[in-house]
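> First the structure, then my questions, so here it is.
The values are calculated or read from the model by the stated rules, or taken from the named source; none is laboratory data. None of the values given here were measured: they were computed from a predicted structure. No Cβ is skipped: glycine too gets one built from the backbone with ideal geometry, and neighbour counts run over all protein chains shown.
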Amino acid sequence: MQTTLRLPVVYRKIFEFQGDQCYRQQFEDSQQNPQWFQIILRILLNFSIIFVKKYMEMKEKVDKVVVNVHTDDEPLPVLLNRNISTSYHAFNHLSKHVADNAVLVDVQPNIGGSYTSCVNQPLQDQATIRKIDFDSSEFVNLLNDAYWRSCALVTAAILKESLDVNLEFTIPNIDVSSGFFHVDVEGLNGNALSRDELNTINRYAKSFIKNAKDFEVVSIPSDLSDEVPSNYIVRIGDHVFPSSGLVIRSTSQIGRYSILHSKSSGIETVSVGGVSLPFSQPTSSYSWGLIVKNALTKYQKSSSS
Amino acid sequence: MSSATLPRIGVTIGHVAQKLKTGGIEPSRRARLEVLRRIVTRCVREERVELKWNRAVEARPYLERLIQLGVERGPLDEYTAEMMEWWLPERDLIVKMHEVIVPRFAEIQSPYTSLYRLPPKRLQQFIQNKREFWKRYDIGILEIDKNPFPPVLSENSAKNEESPNLLNLLLTDALKNNLEK
């Protein structure tokens, strides 16, 4: 019996293949594929066919699992699909406002220790989940790191959509205290982006962020950790990136955002830096101007060192 | 003698005068001063007042200057006496100013007042054809320092000012680097 899976588009398309036909050569020979097929090809080439097979095993069985959503009063039990439903679906049973505000999730499983996960990450076991938003006094450093990482990923997605060349990205781990985030781009032949180009990209970035694209996340199982170099795979719109850590729920949680500067950081590599603030932490244009100026100065200094 | 020789007060003086609605008084420059006098008088009497933010911002420099006159010149100065008499129409408040408030700041530098911002309040204005009309007000607290009331900012809120949220981190770093230049 075929089971309808409610998964992100990329993974749903993966399931539609039969496992025995998943050969790399067949994918490479197919030249006229729709866009999703290229995405799958990229995943397969980069992250191994075993990863796909692993998820295909799940196709035949969809288990139900009860997850308790932490509230101010009593925990709210919610029936969800194991490995398919996410914390976002669970929070929606409470209210859409709660679900939209959630940035990360504190998961306390019935068996094992608690951990923090992304909102759009499928839930695996019975657990109690609690939302973490930008107003939370706990997990502030974790939130900041996740936000910074997400902004770097969004920058990569924006650059990929706005530049008509094949680009490869490296997302370095940058501490929030540095005052800026940056991505390393390969494929621009070491040519830094001009100020006019950055202005155009910044204008496009506004519409990209406004479209409220979800960060769809799959964690890499521990038995595949040797083959896949990152902890998570993140999909933003039509783009898939490896990620070393947690990310936020959606681009709608990004408030002020600006790509500041671009510089050559190697023969082939170009670094693109920016700064951003969460939507729920508004500030005046004067303060934002100070933050941007400081980030730009620090980024330029880091380039000269 | 005027206030020309006094040092600059330790509070911000806005470049643009705040608009003060003069309810019950015919609008004029004099009416504006009447509004400010009411606030200053009330503040000296109660030592901590809660009022609309723009009124608090506007009245603070006047209150600050009045206390400064008391601290710098003393009750025997002619100009100080004239100012006290005008700004504090109630006699007992002039006595309070010289005997209670001014001695607190004898050894202390300006500012002698504090201004805090409260969350905005939304208040119902009127109902017309079963439709409710609401208005949002920015609220401020103006107080004379070293008053006997519990502090407006608790120790916990002081810690919150150093909260490591992203906006605080970036802005603190930006201000620090801006000042170092």
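> What are the pairs with Cβ atoms under 6 angstrom where one residue, in region A:75-95, is under 17 Å from A:PRO109 (Cβ atoms) and free of Cβ contacts under 8 Å to residues at least 12 places away in the same chain and the other, located anywhere, is surrounded by fewer than 16 Cβ atoms within 10 Å (Cβ to Cβ) and aliphatic (A, V, I, L, M)? Sequence gap at least six, or different chains.
A:PRO77/A:VAL66
> Would you point out the residue of region A:168-192, among those that are in a loop (DSSP other than H, G, I, E, B) and at pLDDT 90 or above, that is surrounded by the fewest Cβ atoms within 10 Å (Cβ to Cβ)?
Quick first cut of region A:168-192, residues in a loop (DSSP other than H, G, I, E, B) only: A:171-175, A:179-180, A:187-192.
Right, trim to at pLDDT 90 or above and you get A:179-180.
Details: A:GLY179: 23, A:PHE180: 26.
Here the answer is A:GLY179.
> Starting from residues that are over 19 Å from the mean Cα position of the chain (by Cα) and either crowded, with 20+ Cβ neighbours inside 10 Å or part of a strand (DSSP E or B) (or both), keep the ones in region A:266-291 and report whichever is farthest from the other protein chains (Cβ to nearest Cβ).
Step by step, filter region A:266-291, then rank; the result is A:THR269.
> What is the one condition in (1) among the aromatic types (Phe, Trp, Tyr); (2) on the phi > 0 side of the Ramachandran plot; (3) touching a Pro at 6+ places or on another chain (Cβ under 6 Å) that A:PHE134 does not satisfy?
It fails just one condition, (2).
> Among helices (runs of 4 or more DSSP H) lying entirely in region B:79-181, which contain 2 or more residues that are within 14 Å of chain A (Cβ to nearest Cβ) and either under 21 Å from the mean Cα position of the chain (by Cα) or modelled with pLDDT of 90 or more (or both)?
Working: elements: B:91-96, B:155-161, B:166-180.
Ranges flagged: B:166-180.
> With the condition kept exactly as written, say whether any residue in region A:239-248 is among the aliphatic types (A, V, I, L, M), farther than 19 Å from A:TRP288 by Cβ and free of Cβ contacts under 8 Å to residues at least 60 places away in the same chain.
No, every residue in region A:239-248 fails to be among the aliphatic types (A, V, I, L, M), farther than 19 Å from A:TRP288 by Cβ and free of Cβ contacts under 8 Å to residues at least 60 places away in the same chain.
> Moving on. So which of A:ASP106, A:ASP135 is under 18 Å from the mean Cα position of the chain (by Cα) and under 25 Å from A:GLN281 (Cβ atoms)?
Of the residues listed, the single one that is under 18 Å from the mean Cα position of the chain (by Cα) and under 25 Å from A:GLN281 (Cβ atoms) is A:ASP106.
> Quick one: A:ASP135 ticks every box in (1) assigned to a loop (DSSP other than H, G, I, E, B); (2) surrounded by fewer than 16 Cβ atoms within 10 Å (Cβ to Cβ); (3) more than 14 Å from chain B (Cβ to nearest Cβ); (4) not basic (Lys, Arg) except a single one, so which number is it?
Single failed check for A:ASP135: (3).
> I'd like the full set of residues that are surrounded by fewer than 17 Cβ atoms within 10 Å (Cβ to Cβ) and either part of a helix (DSSP H, G or I) or among the basic types (Lys, Arg) (or both), limited to region B:1-32.
B:ARG8, B:LYS19, B:LYS21, B:ARG29, B:ARG30, B:ALA31 - these are the residues of region B:1-32 that are surrounded by fewer than 17 Cβ atoms within 10 Å (Cβ to Cβ) and either part of a helix (DSSP H, G or I) or among the basic types (Lys, Arg) (or both).
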